[in-house]
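S.K.: Structure in structure tokens, see below.
The values are calculated or read from the model by the stated rules, or taken from the named source; none is laboratory data. Quantities reported herein were computed from a predicted structural model and do not represent experimental measurements. Glycine gets a Cβ as well: all are built from the backbone with ideal geometry, and neighbour counts include every protein chain shown. Areas reflect the complete protein model, heavy atoms only, side chains present, ligands, DNA and RNA absent. Shrake-Rupley method; radii C 1.70, N 1.55, O 1.52, S 1.80 Å.
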Amino acid sequence: MSKPIDNQTVKFYQTGTLTVGNRLLDPEQRTVQASAERTNAITCGHRACQGCGEALGARYALDAAMRATDGQLICVNATGCLEVFTTPYPETSWQVSWLHSLFGNAAAVASGVAAAQRVKKRPQVRVIAQGGDGGTTDIGFGCLSGMFERNDDVLYICYDNEGYMNTGVQRSSATPGGARTATTPAVGEAPGNVFGTGKNVPLIAMAHNIPYVATASVADLHDLEAKATKAMSIRGARYLHVMVPCPLGWGSAAHDTIKLARLAMESGFFPLFEAEHGVVTSSRAIRRKVPVIEYLKPQKRFAHLFKPDNPHGSEALARLQAQADENCRRFNLLRDEGAV
Amino acid sequence: MSHQHPFAITLDVGTSLANRTGTWRTTKPVYGDHLPPCNAQCPAGENIQGWLFHAESGDYRAAWDVLMRDNPLPAVMGRACYHTCEGACNRGKLDEAVSIHAVERFLGDLAIREGWRVAADAPPSGKKVLVVGAGPSGLSAAYHLARLGHAVTLADAGPKAGGMMRFGIPKYRLPRDVLDAEIQRIVDLGVELKLNAKIDDIPAAMKDGGYDACFAAIGAHLAKKVDIPAVSAGRILDAVSVLRSMESGEEPPKLGRRVVVYGGGNTAIDVARTAKRLGAEEALIVYRRTREMMPAHDFEVEEALEEGVAVHWLRTIKRLDDGEMVVEKMALDEKGWPQPTGEVETIGADTLILALGQDVDVSVVTQIPGVTVNKDHTVAVGPDLMTGYPGLFCGGDMVPSERTVTVAVGHGKKAARCIDAYLKGESYAAPPKAAVAVHDRLNTWYYSDAPASVQPTLDLLRRQSSFDEVKGGLDESNALFEARRCLSCGNCFECDNCFGVCPDNAVIKLGPGNRFKFNYDFCKGCGLCAAECPCGAIDMVPEDL
Amino acid sequence: MLKQIEGSHAMAEAIALCRPEVICAYPITPQTHIVEGLAEMVRDGHLNDCEYINVESEFAALSVGIGSSAAGARTYTATSSQGLLFMMEAVYNASGLGLPIVMTLGNRAIGAPINIWNDHSDAMSVRDAGWIMLFAETNQEAVDLHIQAFKLAEELSCPVMVNVDGFILTHAVERVDIPSQEQVDAFLPPFDPVQSVDPAKPMSIGAMVGPEAFMEVRYLAHHKQMRALERIPAMAEEYKAIFGRESGGLIRSYRCEDAETVVVAMGSVIGTLKDMVDEMREAGAKIGVVSICSFRPFPLDDVRQALLDAHRVVVVEKALAVGMGGVLASHVRMALRGHPTRVYTLIAGLGGRPILKSSLKDFMARAAAEPHYDVHFLDLKEDLVSAEIRRMDAVRRAGPIAENVLRRLGPNAQTVL
């Protein structure tokens, strides 16, 4: 029998850290999701749509946080899809300690939970607030900003599916320009959502000078888990903004959820980065650059932009591409990290 | 259970397990083992993805054991096989094909170094089988028959076992210690090897020896001739004889200063390179078609060119004079076929070696009742490789097929299975083949970027004068790297993607080596698992509604 | 310990004695002095093991309180007026989740027009929000009610709102007996929540409840308040046993024996009414006062019993249900349903208008002759509203009422009270 090979001599592992697990990697290098012992913060039987990105993103983030805190976690949830599909009486899918109050106050409620842990001298118990983009970037924004400003010991996670999906797909301040929603129909002179200056909550979070801000995607689990884990290693206000495609709201196939998140990431449309105390400290380089239209095309909410009789379609597509290009420049996404 | 907490607004954790969302499903995911294109392509029927899987984790013994289920000669095949598997490899569309042969060779060499052995899989059957011809086909058949529990006698007319592996493939491509070691391992399995034992009457030999069946694989040794007017007949040799003479311990043939080889197959390349090594200043291949049409493999042509072998495309030899040769230029017609142009040129040549293919010496079978010989001097066999004479099976170069070591090894395995079934009074039915895992099935985004490893190559200077092996093997780390380039097309390699990407936690992880199963109570049929499976091991199947 | 002290500071001291663990503060007049007092006590070490959180809005104030209370911490906040409306969604949520938060409401009018002075409009806007609502007559009672409020809230898992009249109580400096820590500790046990968000015992709190159970949830909330009807008087007795004072309870009657006219009111105006009753009794009038301390739960039976013998009931209330009339009067009528007692609605003191004893006496004197079904407004400037109504009838674009009224009052508007 030959001597057993030391796996670490060859730094190439077939799929490396691109897949959820990898039997060739040391167990500690695999994701939390690869473990049969993962917490399953959200368990089976929830009523999310088929292929729900938010159900996935929430389980990813919370399972990682559960591991990072040794299960000493309390979750506060804003009203929204995630809350509704997990806790219709008499059943809940949550397996973590979970509290839902209102649509716009998750950050504040979490501040209160964190305050209680401080006063009860339970520093090991950590608090996460979570909500969709509506509950975060719109109605919950005041409470979010307050929590940031006080630097309360809360990790706020926004699962961004770019609209009010629970109420039937209306526009939020996180809806991209040109996107069709129930309140930005694809009719008229400027079909779909208006192109504004946007509301970039990760950057706004950074402006609060809080210890940690990051963006993540369900398309890069290792990255997401690393950020959730890092966030839990830090005290004070932290913000994690996770892109979670919504098949219903985006008009995409249920099986394309991760693919779309990947295309958003690889086109530069949704940049992944980290910032500490207001300064960008890292970004995830694009692996295989794709044009933004590859991301947009499988989504019915952008279908009107591709119609030949839409006089503004190409201009809108160019603007969306320009946004991605600007992200690439701003976050240095197009750098060669080398093979493997 | 008593609920101490407020009614309705507070709920006990995990209670949604009562809500079986599986009823939402219209299509369901199903795991399958699809046929990787390499496996589908392999003439020896190797489970390439299967043994690479073990090699990926550094479990070379397990890899070698899987390899040995189909091929008893991995060290030989890792060198001599033209690895058409690599042409089929899906990784080729990504960056470069997995260097399957190099890993196979690594495993074969490692097994020789470590002295790994295999044992029979079945208890002795009490049946005796005669195998005629100890080439790749005969050796393979003998090996597989022995593993199936049959007593095998392997008879060969020559002084050494190996057939064309020894007498056709130059040792700079296949070192003889490697060949000897792999043959010896077959013998050690209990195969009785009889050398210098030419069998002229197979039925009689079967009857006399009490054999229940016979597999004949005597190869194709008769060089094809072409009528070329020559001043001195002695200057025209055939490639088979030249290559054979290199092995028979005789004085190496005197080929002269300028050697011309006529033909475009691998044998032509082999003999030209041999001539170069024997000291020919010029080794020139004349071929009547273009390089693209040459049956010889590209990498061999490349190596030959590197070593100084010259090739004249689109030429036919008209006649051989003393010290020179007249050739006629050819041109492709509109259909792409070479046609004579009438234009001739003269080439300096001391020796002409014909490498125009070989025929089977069918004399040994023509007299056997029921055996049919085809027009092209091959022996007619059924799908089970049996001839019209009950119990006599034929394979390798002597039956209609592509004539490669790999095909021959495959014939040996197939014949062994068919003979085994025949001996049990059954007929062998190959298990149904799964659909090929084509490139479109894969989600290649998940594979790390990694170009193929390069095998070390002997210095050009030394290649022109010595018969040392040209291609070196991969070292362990290179072999491991190369194995890990495998995409595992169509076969779960436990990357946990399905387990991770299911929004409904409806995938159950069964633990290392046991893969996964679906929890259809909760699977909503979204198809994310199938879409994000890197290797395409999951099919979405419509539900019966 | 007797102190000459501002009401807000007295309340702050009482709240501190209750050992709150989380205090959420957002400034709004007139409750501000309470949270300022608490801030000082937290900073100077008088109040330990307490997280004092400066939030960014009233909505956040109560939301933070929801979180801390749900996590098992004794939680306090205070607000007034617009602030209460801004936290409205959380007000309902706190009670829906059964969180024993104690909140002081420094009662103040609601705009527009913006007005910082006292009335009960804010309290009446949350009367159906599921909170227990207590009204303090004096600063001494304000102190006592806060101590009782924590006990009541935590026993019943229900938030309690202590209503104190803005300025009249919050900013009044008077003699108040501040209890000792020993007394408070003897009365108020440590907070032992029926449930809390806790990783050691995970559960999902705040589920979505549909038609199949929502009515039951609401019924149970009502049931909780019905239980409070029993606990509130009992608790007042317990309080008296330790502190030696009558404070709280459901209602209190003052000189109602043989009274033909009974005045019903809530909060600090009771003091004025008592003085009025004393004077009128001296003059031979058969008049008394019933003070409603517990507006939620509303003690229908107690009120009915207290008023059954009266010939007429005058409800003096500091809120107007616009388009309807009196809120408290409606409640009193409900208490007296089936009984022929005449119930008068007297809206008084809106937006800080002084409730003059003389004006009250005038009304009481002529009440028997007044129609009981009208809504009466105490000291309403009849000429002013008549003129304004005429002007609005005459001019389409009459402009905003408040500004017009001010203009009509002229440069001396501030002094015409």
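S.K.: Where does chain B land at 222 nm, in deg cm²/dmol rounded to the nearest 500, when only DSSP H runs of n ≥ 4 count, each adding -39500 (n - 2.57), divided by all residues? Please list the in-between numbers first.
M.R.: Working: 19 runs with 160 residues, N = 545.
Estimated from H runs of four or more residues: -8000 deg cm²/dmol.
S.K.: Based on the alpha-carbon gyration tensor of segment C:179-325 and its eigenvalue square roots a ≥ b ≥ c, which shape applies: rounded if a/c is under 1.5, prolate if not and a/b is larger than b/c, or oblate? Write out the running numbers ahead of the final one.
M.R.: Numbers: a/c = 2.96, a/b = 1.63, b/c = 1.82.
Oblate.
S.K.: Same structure again: Roughly how crowded by other chains is peptide A:142-155, in terms of the mean Cβ count from those chains within 10 Å of each of its Cβ atoms? Walk me through the numbers on the way to the answer.
M.R.: Numbers: counts 5, 7, 2, 2, 11, 5, 0, 3, 6, 0, 4, 0, 1, 0.
Per-residue shielding by partner chains comes out at 3.
S.K.: Could you work out how far helix C:58-70 tilts from the main Cα principal axis of chain C, as a 0 to 90 degree angle to the nearest 10?
M.R.: 40 degrees
S.K.: Rolling a 1.4 Å sphere over the protein heavy atoms, what is the accessible area per residue of the protein assembly as shown, to the nearest Å²? Intermediate results must be reported in sequence, preceding the final value.
M.R.: On the way: 50400 Å² over 1302 residues.
That works out to 39 Å² for each residue.
S.K.: If you don't mind, there's one more thing I want to ask. What is the distance in Å between the Cα centroid of segment A:131-173 and that of segment C:285-299?
M.R.: 46 Å
S.K.: Rounding to the nearest 10 and keeping the result within 0 to 90°, find how far the Cα-based axis of helix C:7-17 lies from the longest principal axis of chain C.
M.R.: 20 degrees
S.K.: Related question: If I take the Cα coordinates of chain A and project them onto the principal axes, what are the three extents in Å, biggest first?
M.R.: So the extents along the principal axes, rounded to whole Å, are 63, 57, 41.
S.K.: I've got another one for you. Find the sum over both chains of the accessible area lost when A and B are paired, probe 1.4 Å, and report it in Å² to the nearest 100.
M.R.: On the way: alone 15510 and 24710 Å², together 34970 Å².
When A and B are taken together, about 5200 Å² of accessible area is lost.
S.K.: Roughly how big is the protein assembly as shown's charge dipole about its Cα centre, with Cβ charges of +1 (Lys, Arg) and -1 (Asp, Glu), in debye to the nearest 20?
M.R.: On the way: 131 positive and 155 negative charges, 238 e Å.
The dipole of the protein assembly as shown has a size of about 1140 debye.
S.K.: Which value does Rg/Rh take for the protein assembly as shown over its C-alpha atoms, Rh per Kirkwood? Display every interim value, and only then the final one.
M.R.: On the way: Rg = 46.3 Å, Rh = 38.2 Å.
Reported Rg/Rh, Kirkwood definition of Rh: 1.21.
S.K.: Among B:87, B:134, B:75, which residue has its Cα furthest toward the positive end of the charge dipole of segment B:72-136, with +1 on Lys/Arg Cβ and -1 on Asp/Glu Cβ?
M.R.: It is B:134, whose Cα lies furthest towards the positive end.
S.K.: Taking the inverse of the average 1/r across all pairs of different Cα atoms in segment B:35-140, what Kirkwood radius in Å do you get? If you can, show how the numbers build up before the last one.
M.R.: On the way: mean 1/r = 0.0679 Å⁻¹.
That comes to 14.7 Å for segment B:35-140.
S.K.: How big is the dipole moment of segment C:1-132 about its Cα centre under a simple scheme where the beta carbon of each Lys and Arg is +1, that of each Asp and Glu is -1, and everything else is neutral? Debye, nearest 20, please.
M.R.: On the way: 6 positive and 14 negative charges, 44 e Å.
The calculation lands at about 220 debye.
S.K.: Rounded to the nearest 500, what is the 222 nm mean residue ellipticity of chain A from helices alone, with -39500 (n - 2.57) per DSSP H run of 4+ residues and division by all residues?
M.R.: -9000 deg cm²/dmol
S.K.: Remind me, relative contact order of chain B in percent, using alpha carbon pairs under 8 angstrom and six or more residues apart? Don't skip to the end; give the middle numbers.
M.R.: Values: 1146 pairs, mean separation 120.5, N = 545.
Contact order relative to length: 22 percent.
S.K.: Is there a simple number for the mean count of other chain Cβ atoms within 10 Å of the Cβ of residues in B:446-454, and what is it? Please list the in-between numbers first.
M.R.: Numbers: counts 8, 5, 13, 8, 6, 2, 0, 0, 0.
Averaged over the peptide's residues, the number is 5.
S.K.: From Cα pairs below 8 angstrom and at least 6 apart in sequence, can you work out the relative contact order of segment B:303-355, rounded to a whole percent?
M.R.: 28 percent
S.K.: Could you sort B:450-463, A:82-95 so that the peptide with the highest average Cβ count within 10 Å comes first and the rest follow in order?
M.R.: Values: B:450-463: 14.6, A:82-95: 24.4.
Most protected by this proxy first, the peptides run A:82-95, B:450-463.
S.K.: Also, I was wondering about something else. Once all Cα-Cα distances of segment C:299-417 are split into 5 Å bins that start at 0, what whole-number percent is in each one?
M.R.: 2, 10, 17, 18, 18, 13, 9, 6, 5, 2, 0
S.K.: So what is the relative contact order of chain C, in percent, for Cα pairs below 8 Å that sit 6 or more residues apart? Mind dumping the intermediate values first?
M.R.: Details: 813 pairs, mean separation 60.0, N = 417.
Computed value for chain C: 14 percent relative contact order.
S.K.: So what are segment B:112-232's ellipsoid semi-axes, whole angstrom, largest first, if each one is the square root of 5 times an eigenvalue of the alpha-carbon gyration tensor? Can you show the working numbers first?
M.R.: Values: eigenvalues 171, 89, 18 Å².
In descending order, the three semi-axes are 29, 21, 9 Å.
S.K.: Shape call for segment C:181-235 from the C-alpha gyration tensor, a ≥ b ≥ c root eigenvalues: rounded (a/c under 1.5), prolate (a/b greater than b/c) or oblate? It would help to have the intermediate numbers written out before the result.
M.R.: Values: a/c = 5.55, a/b = 1.36, b/c = 4.09.
Oblate, since a/c reaches 1.5 and b/c is not below a/b.
S.K.: For peptide C:190-203, what's the mean number of Cβ atoms from other chains within 10 Å of each residue's Cβ?
M.R.: Rounded to a whole number, the mean comes out at 6.
S.K.: In debye to the nearest 20, how big a dipole does chain C give about its Cα centre with +1 on each Lys and Arg Cβ and -1 on each Asp and Glu Cβ? Mind dumping the intermediate values first?
M.R.: Details: 38 positive and 52 negative charges, 263 e Å.
For chain C, the charge dipole is close to 1260 debye.
S.K.: While we're here: List the lysines whose alpha-carbon lies under 25 Å from that of residue C:151, not counting same-chain residues fewer than 8 positions away?
M.R.: The reachable lysines, counting only those whose Cα sits under 25 Å from residue C:151, are A:120, A:121, C:3, C:201, C:224, C:240.
S.K.: Work out the charge dipole of the protein assembly as shown with +1 on the Cβ of Lys and Arg and -1 on the Cβ of Asp and Glu about the Cα centre, then indicate which of B:331, C:172, B:295 is farthest towards its positive end.
M.R.: B:331
S.K.: Using only Cα atoms, figure out Rg for chain B and give it as a multiple of 2.2 N^0.38 Å.
M.R.: Working: Rg = 28.0 Å, N = 545, 2.2 N^0.38 = 24.1 Å.
In units of the globular-protein estimate, chain B measures up at 1.16.
S.K.: Cross-link partners among lysines for residue B:198, C-alpha distance below 17 Å, same-chain residues fewer than 8 apart left out?
M.R.: Partners within reach: B:160, B:207.
S.K.: Helix-only estimate, please: 222 nm mean residue ellipticity of chain C, summing -39500 (n - 2.57) across DSSP H runs of length 4 or more and dividing by its residues, to the nearest 500.
M.R.: Details: 15 runs with 174 residues, N = 417.
The per-residue figure over chain C is -13000 deg cm²/dmol.
S.K.: Something else: Can you find, among B:243, B:347, B:412, the residue farthest towards the positive end of the dipole of the protein assembly as shown? Put +1 on the C-beta of Lys and Arg, -1 on that of Asp and Glu.
M.R.: B:347
S.K.: Would you mind telling me the share, in percent, of accessible area of the protein assembly as shown contributed by carbon and sulfur at probe 1.4 angstrom?
M.R.: That fraction is 53 percent.
S.K.: Now a separate question. Going by alpha carbons, how many degrees (0 to 90, nearest 10) lie between the helix axis of B:176-188 and the longest principal axis of chain B?
M.R.: Long axis of B:176-188 versus the principal axis of chain B: about 60 degrees.
S.K.: To the nearest 100 Å², how much accessible surface do chains C and A hide from each other in total, with a 1.4 Å probe?
M.R.: Numbers: alone 19000 and 15510 Å², together 31680 Å².
Accessible area lost upon association: around 2800 Å².
S.K.: Assuming a ≥ b ≥ c are the square roots of the Cα gyration tensor eigenvalues, decide whether chain C counts as rounded (a/c under 1.5), prolate (otherwise, with a/b larger than b/c) or oblate.
M.R.: Numbers: a/c = 1.57, a/b = 1.41, b/c = 1.12.
Verdict is prolate for chain C.
S.K.: Please name the residues of segment A:99-115 whose accessible area, counted over protein heavy atoms with a 1.4 angstrom probe, falls by no less than 20 Å² between the chain alone and the full protein assembly.
M.R.: Those are A:99, A:100, A:101, A:102, A:105, A:108, A:109, A:112, A:113, A:115, which lose 20 Å² or more relative to the chain on its own.
S.K.: Loop only per DSSP, at most 16 neighbouring Cβ atoms within 10 Å: give me the trypsin sites (Lys or Arg not before Pro) in segment B:229-303, ordered by residue number.
M.R.: Details: sites: B:235, B:244, B:254, B:257, B:258, B:273, B:276, B:277, B:288, B:289, B:291; in loops: B:254, B:257, B:288, B:289, B:291.
Here the sparse-neighbourhood loop sites are B:254, B:257, B:291.
S.K.: Just to be sure I understand: if I project the alpha-carbon convex hull of segment A:1-125 onto a plane and average over all orientations, what area do I get in nm²? Can you show the working numbers first?
M.R.: On the way: hull surface 45.2 nm².
Taking the Cα atoms of segment A:1-125, their convex hull projects to 11.3 nm² on average.
S.K.: Two decimals is fine: what's Rg over Rh for segment A:130-232, C-alpha atoms, Kirkwood radius as Rh?
M.R.: Working: Rg = 15.1 Å, Rh = 14.8 Å.
Rg/Rh: 1.02.
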